[in-house]
Amino acid sequence: MQKDKGFTLIELLVVIAIVSILAAAVMPLSRMTVKRAREMELRQSLRILRTAIDDFRRDCAPAGATATTTKLSQDYCKTDQNYYPESLEQLTEPLKLAGAVDKTKKYLRRIPRDPMTELESSDNPNNWGLRSYGDEPDSTQWGGGNVFDVYSKSEAVALDGSKYSTW
């Protein structure tokens, strides 16, 4: 007498139920992992941009204010802008060094994109919010003239409960 080999309907239903329970438990963890990775990318992008802005100002400041040896040409360093760059794009351009004939310095290869916001237009591919030196610390309107700080335009809430726009 030969026995039937295979699975019964009940065995298949039990396996499907177990697999679906495991999949339901893994989905929130994978979403959180993706969100955490985007948050790390945002932190890194903000750090890169803010460091480049600070380096530009340090290289533009008057000789008595800082102890840097590399100075930019005065064509870029304007006192009415408090020695901050005119735009983020200026940080990606080769800027002439003072006293050097053909030496230049670039602060960024490219401007990192804000990973938390969708692109509004092709005119602003990076989509960062900008603040000038004269703006309020929590201003969402750029006063123009210089770039003192950058922030994310996203109003979403981070894993720690803060808004990305306040980072």
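The values are calculated or read from the model by the stated rules, or taken from the named source; none is laboratory data. These numbers come from a predicted model, not from an experiment. All Cβ positions, glycine included, derive from the backbone under ideal geometry; neighbour counts span all protein chains shown. Only protein heavy atoms, including side chains, enter the accessible area calculation; ligands, DNA and RNA are left aside. Shrake-Rupley method; radii C 1.70, N 1.55, O 1.52, S 1.80 Å.
Tabulated values for the structure
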| item | result |
| --- | --- |
| Count - residues of region 122-142 that are open to solvent by less than 90 Å² (accessible area, probe 1.4 Å) and either closer than 18 Å to Leu49 by Cβ or modelled with pLDDT of 90 or more (or both) | 11 |
| Verdict on Gly144 being under 22 Å from Cys60 (Cα atoms) and either within 19 Å of the chain's Cα centre (by Cα) or in a loop (DSSP other than H, G, I, E, B) (or both) | yes |
| Residues of region 143-164 satisfying the condition of being closer than 18 Å to Ile53 by Cβ and surrounded by 15 or more Cβ atoms within 10 Å (Cβ to Cβ) | Gly145, Asn146, Val147, Phe148, Asp149, Val150, Tyr151, Ser152, Lys153 |
| Where a residue in region 82-98 is outside any strand (DSSP E or B) and its partner, wherever it lies, is among the polar types (S, T, N, Q), with Cβ under 6 Å and at least six apart | Tyr84/Asn146; Pro94/Thr104; Ala98/Ser73 |
| Test: residue in region 19-39 that is closer than 29 Å to Arg110 by Cα, of a type in the set (Ser, Thr, Tyr) and assigned to a helix (DSSP H, G or I) | yes |
